[in-house]
Amino acid sequence: MQLAAASGQPSPSRLGTRVERLPLARYTTIGVGGEAEIWFVETLEALAEAVEQPYRILGGGSNLVIDDSGVPERVIRLSGPLAKADLTPDPELSDPASGLIVTGWVGGGTPLPGLLRKLQALGWSNLEGTVGIPGQVGGSVWMNAGTRFGEMFDGLHTIEIVTPQGVRQVTPDDLNWGYRNSDIPRGHIISRVRLKLQQSTPEAVRERMEQADAARKGQPKMKTPGCAFKNPGGVSAGLLIDRAGLKGEQIGQARIAPEHGNFIVNLGGATAADVLGLLRLVRGRLAPELSGPLELEYEIWPEEAAADLR
């Protein structure tokens, strides 16, 4: 199903926020997606203006497939100070005696890989299990991204959330978070977080990061959104796809990765229609042996483009 996105000149910003109409494919790790009006927001004031009209928030673009016609809403990207990390320990919240470190504010637009490198150099532990995840902090918190070695909520103290109704701050204890789920509603923007870390050593943190990274060596290195499906009932979705003989299946320029069945890769020039076609192929092939449909890990924009996959 193709949906027509808005066209014409981008809306002006009263506060001087940079607004451009651009292809969303350049901001996703799979490299597909049509155009939208993008707001590059640097302050909470600018963010408050950006959410006055229907919007979507776009972080690092991992775990996301955007329709070839784009989206009609404005798309918000956190930039400037909202994409930087203040790792200075908060003296009122940290406890040097026990090694507890609570940082200053880390912007939701901060790239997660670079943040992990800084934490490793400082010898600060709790987030090394998220190594290899290509997204930004806000999106990684929203979906509680992680691996079997750890997840984002292992290292969170405070989460600042922005909606059209205002700004609020919550702690993990306020949320019913779990596997790949933060309990933060869709469309709410994670503007900043404070991290809760434990003093260790750079060597020990590096060792744990290397252990987690080694477990990902079989994953493809090409353009991909990441894992396509959640594991049903604790069974590996990749193993089920492999057993069904679907590794290497291809539609257009999208392929189920030969290295790992739960990844779809862009061979160069893939479209969202190609990717969605492969998702439907897998769901249909595995349906007879499962009690329910495989649940997507991917976000699909707009949702109507793949209503049959929800």
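Details
- On the beta carbon distance between T171 and R310, with R0 = 35 Å, the FRET formula returns roughly 0.70.
- Check: the chain dipole with +1 on Lys, Arg Cβ and -1 on Asp, Glu Cβ, in debye: 660 debye
- Under 14 Å from the E289 label point (7 Å along Cα→beta-carbon), backbone N, segment 250-270: 261-262
- Loop sites in segment 1-106: trypsin sites (Lys or Arg not before Pro), DSSP, at most 10 other Cβ within 10 Å: R14
- Farthest toward positive dipole pole in the chain [+1 Lys/Arg, -1 Asp/Glu at C-beta], among L197, F40, V275: V275
- Three principal axis extents of segment 85-214 based on alpha-carbon atoms, in descending order, are 44, 35, 23 Å.
- Exposed GluC sites (Glu not before Pro) absent: longest stretch of the chain, with sites in DSSP loops and at most 16 other Cβ within 10 Å deemed exposed: 93-258
- Take every pair of alpha-carbon atoms less than 8 Å apart whose residues are at least six positions apart; their mean separation over the length of the chain yields a relative contact order of 18 percent.
- Out-of-range pairs (alpha-carbon distance over 28 Å; input K84/K230; K84/K196; K84/K247; K223/K247): K84/K230; K84/K247
- Each Lys or Arg adds one and each Asp or Glu takes one away; over the other residues whose Cβ falls under 13 Å from the Cβ of R74, this sums to -2.
- Karplus-based coupling profile of segment 279-296, in residue order and whole Hz: 4, 5, 4, 5, 4, x, 5, 8, 3, x, 9, 10, 6, x, x, 4, 8, 5, with θ = phi - 60° in 6.51 cos²θ - 1.76 cosθ + 1.60 and x standing for Gly or Pro.
- Other residues with beta-carbon under 9 Å from the beta-carbon of H260 carry, at +1 per Lys or Arg and -1 per Asp or Glu, a net charge of -1.
- The residues packed around V106, meaning those with a beta-carbon under 13 Å from its beta-carbon, carry a net charge of +2 if Lys and Arg are +1 and Asp and Glu are -1.
- For the chain: rounded, prolate or oblate by the Cα gyration tensor [a/c cutoff 1.5]: oblate
Quick note: the coordinates plus some simple rules give every number you see, no bench work behind them. Source: prediction; values computed, not measured. All Cβ positions, glycine included, derive from the backbone under ideal geometry; neighbour counts span all protein chains shown.
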